[in-house]
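Worksheet: one structure, shown below.
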Amino acid sequence: MSKTKLIVSALTGLFFSTVSLTAASASDALVTADWLKQNLENPKVKVFEVSVDTGVYERGHIPGAANLNWHTDLVDKQRRDIASRENFQSLLQKAGVGDDTTIVLYGDNNNWFAAWGAWVFETYGLGDRVKILDGGRKLWEAEGLPLDTATKGTKETKLTLAEQNPEVRARFLDVVAVAEGKHNIKLIDIRSSDEYSGKIFAPDGVKELSVRAGHIPGAVNVPWGTIVNKDGTFKSADEIKKIYAEKGIDGSAPIITYCRIGERSSHTWFALKKILGYDVRNYDGSWTEYGNAVGVPIANPTGTVWTGK
């Protein structure tokens, strides 16, 4: 190993063994399946599964991975909000996350909720230590890599989380101000073109949660899947940059992403923030909040008004 790699490893606190820098650098936003496979026994690496299908973990998961249930672990059970600092801190302590732990997240459905998990970690100041397994569960299974049904015991830590960082999250009033032309902030609606146009309220098979259809005025539509390869991995940084540049998004102005409940838009937030380095916030209230609000402007090219009529 070169002297340069040793110095970089020491500075990042991620040099645990000679395999730590093979295949992919853990200082990147993404890690490869090869990198993770070689670091499964690394005590400084903690893997979490965050899947849409909350039961898939029990049927088999990456060896040593803990489960983060997006229905319960990443949300406040008493109010519509992300998990409280106290509860999230306790959960991570019990999972063995310490001050020098590298956190790797993965999930099904091309890492939808793994990216949302990364956004929650970001709000509590752990974003620089969180990586996503590129390709997620889909790629891991496609390559025939090992799965396990056992859960691994861990030693509880004394991790202390920062307070929520408001710069990571867009709020309702922030978005209304943009819709009314009061700020030079770019809005990206990452839902399907039919959701964006108001033709449908939600994807097929998903419960309708808003009384109005359409999109926030001024938002451009870049469906989240546009930036994903067939194997579930992210497209290259250059490809992603080009896709958004064609929609007038080049990183020169702040950006807010949104979808229906904030999970798909977290995937886009991750790509723009962590891969391209743009100034991005995620609006997790998204269309279920905005589309139900009274007195706010709505763009609806399809012309629907109430419940698809």
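The values are calculated or read from the model by the stated rules, or taken from the named source; none is laboratory data. Quantities reported herein were computed from a predicted structural model and do not represent experimental measurements. Cβ: placed from backbone, ideal geometry, glycine included. Neighbour counts: every protein chain shown.
Descriptive notes on the structure:
- The residue that is surrounded by the most Cβ atoms within 10 Å (Cβ to Cβ), counting only those in region 276-294 that are in a helix (DSSP H, G or I) and touching a residue at least 40 places away in the same chain (Cβ under 8 Å), is 287.
- Flag for residue 187 being assigned by TED's automatic domain parsing to the domain that holds residue 51, at negative phi and touching a residue at least 60 places away in the same chain (Cβ under 8 Å): no
- A count restricted to region 179-192 and to residues that are in contact with a Gly (Cβ under 8 Å, 6 or more places away or on another chain) and not in a helix (DSSP H, G or I) stands at 3.
- Test: residue 289 is out of contact with any Lys or Arg (no Cβ under 8 Å at 6 or more places or on another chain), within 26 Å of residue 130 (Cβ to Cβ) and of a type in the set (Asp, Glu): yes
- In region 180-219, the residues that are surrounded by 21 or more Cβ atoms within 10 Å (Cβ to Cβ) and among the small types (Gly, Ala, Ser): 198, 213, 214, 219
Conditions (1) touching a helix residue (DSSP H, G or I) at 6+ places or on another chain (Cβ under 9 Å); (2) surrounded by fewer than 23 Cβ atoms within 10 Å (Cβ to Cβ), marked per residue:
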residue	(1), (2)
73	yes, yes
76	yes, yes
81	no, yes
86	no, yes
108	yes, yes
111	yes, no
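- Exactly one residue among 254, 297, 301 is within 17 Å of residue 170 (Cβ to Cβ), over 20 Å from the mean Cα position of the chain (by Cα) and of a type outside the set (Gly, Ala, Ser), and that residue is 297.
- Neighbours by Cβ (under 6 Å, 6+ apart or cross-chain): first from region 50-76, within 16 Å of residue 104 (Cα to Cα) and touching a residue at least 12 places away in the same chain (Cβ under 8 Å); second of a type in the set (Asp, Glu) and assigned to a loop (DSSP other than H, G, I, E, B): 51/108
- Condition met for residue 245 (out of contact with any His (no Cβ under 6 Å at 6 or more places or on another chain) and free of Cβ contacts under 8 Å to residues at least 60 places away in the same chain): yes
- Scanning region 112-140 for residues that are over 17 Å from residue 45 (Cβ atoms) and of a type in the set (Phe, Trp, Tyr) yields 112, 113, 116, 119, 124.
- Any hit, region 165-178, residues being outside any helix (DSSP H, G or I) and at pLDDT below 95: no
- Region 90-102 residues that are farther than 17 Å from residue 67 by Cα, paired with ones that are assigned to a loop (DSSP other than H, G, I, E, B) and of a type in the set (Gly, Ala, Ser) (beta carbon under 8 Å, 6 or more apart): 100/13
- Residue selected from region 31-54 under the condition aliphatic (A, V, I, L, M) and surrounded by fewer than 21 Cβ atoms within 10 Å (Cβ to Cβ), by the criterion farthest from residue 130 (Cα to Cα): 52
- Selection from region 84-109 of residues that are modelled with pLDDT of 95 or more and either of a type in the set (Ser, Thr, Tyr) or under 16 Å from the mean Cα position of the chain (by Cα) (or both): 84, 90, 101, 102, 103, 104, 105, 106, 107, 108
- The set of residues in region 193-229 that are in a loop (DSSP other than H, G, I, E, B) and at pLDDT 95 or above comprises 216, 217, 218, 219, 222, 223, 229.
- Test: residue 273 is buried (at least 23 other Cβ atoms within 10 Å of the Cβ) and either under 16 Å from the mean Cα position of the chain (by Cα) or part of a helix (DSSP H, G or I) (or both): yes
- Within region 241-269, restricting attention to residues that are touching a strand residue (DSSP E or B) at 6+ places or on another chain (Cβ under 7 Å) and either in the same structural domain as residue 75 (by TED's automatic domain parsing) or assigned to a helix (DSSP H, G or I) (or both), the residue that is surrounded by the most Cβ atoms within 10 Å (Cβ to Cβ) is 269.
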